[in-house]
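Student: Below are the structure tokens for one structure; questions will follow.
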Amino acid sequence: MDATDQESFRKFVANRSTALLRTAVLLSGGDRHAGEDLLQNALVKAAGRWHRIDEPEAYVRQILYRQQVSRWRLKGRRNELTVAEPPDRDGSADAAGAAELRLVMRDALARLTARQRTVLVLRYFEDLPEADVARLLGCTVGTVRSTAHRSLAKLRTLAPELSALGSPEAVQPRSRDFAPVEVRP
């Protein structure tokens, strides 16, 4: 990698790493450390091909999705979840409500299978059309639809508290921290 490529790669990482990390953490079921590993591996792979990449963010996101698919296809998966406790903070009711919603959503997503979580993150957090999700995951559009349907139903069962938090009167988050999932009682 020459000096020009190194500089453009550094700028890309500085500008886009926060958004990419958010996606990686969601793909990892809310495990920040696993998300950081996922993103770091994707950036290492992208750095090796940097001079040939036309759309860097799309390329890195594609690596993230495919690595996550590879992880849940491995036979020797670990069923371990390490989650740090959120710190106690003084704040307004808006911040508390948004934090509660994020935590409930993160915990609910963590209880889904990796495939279900990946489909929901791609469909609703990344806001990709079903055809793009199917292409990224190497499956049919029908599989994406049925997986999304079953995943949302399972979310409703696993976290019924989302229906109260997701009501119009509830506090909505200020950033795109998770998928806007419609939850019905």
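Student: On the basis of being out of contact with any His (no Cβ under 8 Å at 6 or more places or on another chain) and under 15 Å from Ile63 (Cα atoms), does Gly35 make the cut?
Tutor: Yes.
Student: Taking Met1 as meeting all but one of (1) open to solvent by less than 30 Å² (accessible area, probe 1.4 Å); (2) in contact (Cβ under 8 Å) with a residue 40 or more places away in the chain; (3) over 15 Å from Arg71 (Cβ atoms), write down the number of the exception.
Tutor: (1)
Student: Within the stretch 7-49, restricting attention to residues that are of a type in the set (Val, Ile, Thr) and free of Cβ contacts under 8 Å to residues at least 40 places away in the same chain, which residue is surrounded by the most Cβ atoms within 10 Å (Cβ to Cβ)?
Tutor: Step by step, filter the stretch 7-49, then rank; the result is Val25.
Student: Please work out if Ser167 is of a type in the set (S, T, N, Q) and at pLDDT below 55.
Tutor: Yes, satisfied.
Student: Follow-up question, since we're still on this one. Any residue at all in the stretch 18-41 that is out of contact with any strand residue (DSSP E or B) (no Cβ under 8 Å at 6 or more places or on another chain), at pLDDT below 90, among the aliphatic types (A, V, I, L, M) and not in a helix (DSSP H, G or I)?
Tutor: no
Student: Which ones in the stretch 99-155 are among the polar types (S, T, N, Q) and surrounded by fewer than 17 Cβ atoms within 10 Å (Cβ to Cβ)?
Tutor: Answer for the stretch 99-155, where residues must be among the polar types (S, T, N, Q) and surrounded by fewer than 17 Cβ atoms within 10 Å (Cβ to Cβ): Thr113, Thr140, Thr143, Ser146.
Student: Kindly indicate the residue of the stretch 42-60 that is in a helix (DSSP H, G or I) and out of contact with any helix residue (DSSP H, G or I) (no Cβ under 7 Å at 6 or more places or on another chain) and also nearest to Tyr124 (Cα to Cα) among those meeting that condition.
Tutor: Ala58
The values are calculated or read from the model by the stated rules, or taken from the named source; none is laboratory data. Keep in mind that this is a model prediction, so the values were computed, not measured. Counting neighbours? That spans all protein chains shown, and the Cβs are built from the backbone with ideal geometry, glycine included. Remember, those area values only see protein heavy atoms, side chains included, never the ligands or the DNA or RNA. Shrake-Rupley method; radii C 1.70, N 1.55, O 1.52, S 1.80 Å.
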